[in-house]
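Working notes for the structure below.
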Amino acid sequence: FAKPVRHIAVVGAGYVGGPTAAVIALHNPQIRVEVLDKDQRRVRRWNSPHLPIHESGLLDIVRVTRDGASLSPRENANGQAQVTLAERVPNLFFTTDSQTSLAKADMVLLAVNTPTKTFGIGAGRATNMTTFDAAVKEVALYTRPGTVIVEKSTVPCGTAQRVRQMLDAVRPEQPFEILSNPEFLSEGSAVRNLLQPDRVLIGSAKTPSGRRAADSLASVYAAWVPRSRILEIDAWSSELAKLVSNAMLAQRISSINSISAICDRTGADVDEIAKSAGLDPRIGPQFLKAGLGFGGSCFRKDIASLTYLAESLGLPEVAHYWSQVNSMNDWQRDRFAHKVIQRMEENLVGKKIAILGFAFKKNTGDTRESLAVDVIRVLLQERPGEIAIFDPCCLSEDIMRELEPILDTTTRDRVHVYPDAYQACEQANAVVIVNDSDPFKRSPGKKSRKSSGSAVIDTSSEQETKDIHIDGSRFSYQPCQSPICAEDCPDCQSTKTRGTISLEPVEWARIAYGMKEPKWAFDGRGVLDVPEMEKLGFRVDTLGRHT
Ligand code: NAD
Ligand code: UGA
């Protein structure tokens with residue numbers, strides 16, 4: 001029989017660890033979930049009303065599980081209460097005290113970062129396991145025998161075996177089971193993906209105790225995921241399946257981007273081609289949006305990891321095949337940056353270029369592997385007067401940190417981050433759209449719609465209490481009293497944290513009014529209504545779009 005799970009420790013309070021822990025806690029009130037992180041500032045913010053990451057619905061779930069919001073009576077169709085009012089006991093905790101949490105845990109989820117190695121053997125392809133290994137060592141030191149160790153991080157194939165060997169070295173002869181349980185959430189829709197996953201993979205050793213451990217983890221997910229979506233497989237297949245999923249998604253993007261280049265030369269329209277191909281149910285419409293390419297912390301590194309695996313297995317053709325997905329991505333980004341320069345008569349000297357969007361996609365403030373960095377790097381070589389950046393979801397300090405490696409004494413004071421699109425575009429010669437944030441999308445001629453994507457939320461409000469509905473239950477909680485979290489925020493005591501984010505559509509007419517002639521708009525994401533923009537006096541260029 002699977003052992004009941006009472007305490008879960010999640011190592012790493014990042015984009016995966018935090019939301020995953022919150023959703024597990026929400027659906028398993030009997031389990032105490034403790035999230036550990038070395039980064040004190042991050043933990044402080046997880047314990048504050050201003051979470052370190054912004055995902056639609058996340059704050060609501062954290063309020064319920066961490067703060068124990070009161071559970072209002074559930075009503076039946078006639079409006080009669082079916083359950084009595086009850087306080088929900090908090091079962092989600094964030095801490096830096098790894099020793100205490102690990103010692104209590106029946107199950108440890110490892111959700112630490114696993115970047116690409118930048119040095120030594122396999123540099124640029126292999127995974128840098130330093131952080132992961134350090135976390136495993138702590139687990140080996142402090143956990144009780146029999147604790148189930150779960151890889152939530154994306155790791156190279158064979159890592160379960162590696163963890164077993166590390167545990168054997170520190171705790172010989174003690175029973176530990178290692179599971180692979182890769183995460184498939186996307187940033188910007190993390191809560192939805194976690195609440196309604198397409199599938200949950202659990203990879204284990206094919207031994208009775210391995211299967212028992214897998215069943216224990218399956219029972220945690222079964223609290224809200226239909227059993228038919230929980231697949232129990234072997235650890236190698238599970239580890240490889242994660243890399244393959246990301247590689248195949250990225251491959252579709254590189255494929256359609258390669259076609260966008262053909263469209264630019266021929267006058268064919270890449271959106272029409274994607275639509276036509278995507279209508280074939282064997283192909284499907286998703287991940288066929290041509291643009292600047294894929295950014296973010298995972299696609300590039302996971303393809304690199306797959307490439308390295310193939311190389312290590314003596315399969316250079318396979319390695320070459322997958323490495324082309326990353327190469328095409330780099331090429332497309334450079335192609336776009338050079339298009340901007342060429343269109344502006346190869347002379348950016350003294351000109352102001354506004355960059356709209358910095359995060360790798362909409363609805364996230366994650367600036368890691370931002371596509372904007374490479375575009376800006378190429379543009380800066382042409383000595384523009386100013387690069388002016390605006391992203392509705394990113395913090396200025398995060399943007400400047402990402403740019404730091406490409407800046408020097410001659411360029412640093414020419415790059416500025418602005419609090420809105422209008423200031424960024426004021427007196428600009430060109431506006432370059434780098435991500436698909438909803439505010440940039442609206443066509444200028446149509447009536448402004450409020451963004452439906454409440455993806456980035458800070459549910460702070462001036463109400464005394466706020467009601468939220470999760471899975472048919474209604475919870476009430478006290479909203480934060482500091483709606484704008486500033487340098488002196490009494491709640492999280494953090495410097496320069498985020499205020500309330502506005503996803504209001506930008507008024508392109510107002511932007512056009514403030515820009516210099518000729519008003520160039522370079523659409524790296526296919527979000528603009530080109531004819532309408534042209535009516536406002538913009539000259540628009542895109543990637544493979546002609547209608
Ligand atoms: P992240 O950088 O946001 O979070 C990792 C956290 O781990 C950091 O806060 C770091 O301080 C903490 N940490 C590192 N070592 C620690 C230790 N020994 N003890 C305690 N805390 C420690 O990373 P992320 O984006 O959440 O990604 C984590 C893993 O999940 C990666 O392997 C990634 O490939 C994978 N993944 C990420 C996503 C995503 O959307 N970001 C989706 C699926 C899978
Ligand atoms: C991706 C996967 O979608 C997740 O399933 C996976 O769990 C995650 O990586 C991970 O392992 O980290 P994410 O990177 O958050 O999620 O975001 P995506 O929506 O996949 O977008 C990635 C990049 O591709 C973005 O830059 C996006 O703009 C770009 N993209 C996406 C396109 O250029 N075209 C498309 O059609 C779709």
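One Cα centroid belongs to segment 502-547, the other to segment 214-243; the line between them spans 46 Å. Using Cα atoms only, what is the angle between the long axis of helix 235-266 and the major principal axis of the chain, expressed in degrees (0 to 90) to the nearest 10? In the chain, helix 235-266 runs at an angle near 10 degrees to the longest axis. Separation of segment 246-302 from segment 335-399 is 22 Å, based on Cα centroids. Farthest toward the positive end of the dipole of the chain, out of 142, 357, 30, is the Cα of 30, where the dipole comes from beta carbon charges about the Cα centre.
What the Cβ-Cβ distance of residue 174 and residue 318 gives, at R0 = 35 Å and to the nearest 0.05, is a FRET efficiency of 0.40.
Split the accessible area of segment 331-435 by element, probe 1.4 Å, and carbon with sulfur accounts for 46%. Apolar share of the accessible surface for segment 188-244: 53 percent from carbon plus sulfur atoms, 1.4 Å probe.
Ligands, DNA and RNA are left out, and with a 1.4 angstrom probe the accessible area of the chain is 44 Å² per residue. DSSP beta bridges fully contained in the chain are about 25 percent antiparallel.
Between residue 236 and residue 517, take the C-beta separation as r, use R0 = 60 Å, and let me know the FRET efficiency to the nearest 0.05. The partial results should precede the final answer.
Numbers: r = 60 Å, r/R0 = 1.00.
Taking R0 as 60 Å, the efficiency between residue 236 and residue 517 is 0.50.
Show that you can apply the helix-only estimate: for the chain, add -39,500 (n - 2.57) for every DSSP H stretch of four or more residues, divide by all residues, and state [θ] at 222 nm to the nearest 500.
Details: 18 runs with 203 residues, N = 547.
Result for the chain: -11500 deg cm²/dmol, rounded to the nearest 500.
Using a simple spin-label model with pseudo-atoms 7 Å out from Cα toward Cβ, residue 189 and residue 420 lie 3.1 nm apart.
Under unit Cβ charges (Lys, Arg +1; Asp, Glu -1), what dipole magnitude, rounded to 20 debye, does segment 317-414 have relative to its Cα centre? List each step's numbers first, then the result.
Working: 14 positive and 17 negative charges, 69 e Å.
Roughly 320 debye, rounded to the nearest 20.
Highest-first packing order for the peptide set 511-520, 264-273, 59-68 is 59-68, 511-520, 264-273, based on the mean count of other beta carbon atoms within 10 Å.
Charges only on Cβ, +1 for Lys and Arg, -1 for Asp and Glu: so what's the dipole of the chain about the Cα centre, in debye to the nearest 20?
On the way: 67 positive and 67 negative charges, 142 e Å.
In debye, rounded to 20, the chain gives about 680.
The values are calculated or read from the model by the stated rules, or taken from the named source; none is laboratory data. Predicted model, so just to flag it, every value in this text is computed and none were measured. Every residue, glycine among them, receives a Cβ derived from its backbone with ideal geometry; neighbour counts consider all protein chains shown. Areas reflect the complete protein model, heavy atoms only, side chains present, ligands, DNA and RNA absent. Shrake-Rupley method; radii C 1.70, N 1.55, O 1.52, S 1.80 Å.
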